[in-house]
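Here is the structure we will look at.
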Amino acid sequence: MSFTANCPICDAAIHLAADTIQGELLECPECGTELEVMSTEPIQLQEAPQEEEDWGE
Ligand SMILES: [Zn+2]
């Protein structure tokens, strides 16, 4: 069993492992944005806050 969620940035479908936990960080395969799992039931993704990594663009 796995979850599917949509990237809040580009709306791409993202497949999440069944053992995904709240607070987990992942990267959108489409736009590369780092996303944080805000909740697992239902799945909610949010763009992860930029903290120490500031690589620019
Ligand atoms: Zn995306």
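Each reported figure results from applying straightforward, stated rules to the coordinates on display, with no laboratory input. All of these numbers come straight from a predicted model, not from anything done at the bench. Methodologically, a virtual Cβ is constructed for each residue, glycine included, from the backbone with ideal geometry; neighbour enumeration extends over all protein chains shown.
Whether a residue is surrounded by 13 or more Cβ atoms within 10 Å (Cβ to Cβ), within 16 Å of the ligand (Cβ to nearest atom) and not polar (S, T, N, Q) was assessed, and Leu25 does not pass this test. Could you say whether any residue in the stretch 7-16 is in contact with a Leu (Cβ under 6 Å, 6 or more places away or on another chain) and either within 16 Å of the ligand (Cβ to nearest atom) or not aromatic (Phe, Trp, Tyr) (or both)? Yes, the stretch 7-16 has at least one match. Pairing residues of the stretch 6-20 that are without any contact (Cβ under 8 Å) to a residue 12 or more places away in the chain and assigned to a loop (DSSP other than H, G, I, E, B) with residues that are of a type in the set (Lys, Arg) and within 13 Å of the ligand (Cβ to nearest atom), at Cβ distances under 6 Å and at least 6 apart in sequence or on separate chains, gives no pairs at all.
For Leu35, the criteria (1) within 15 Å of the ligand (Cβ to nearest atom); (2) surrounded by fewer than 15 Cβ atoms within 10 Å (Cβ to Cβ) hold in every case but one, which is (2).
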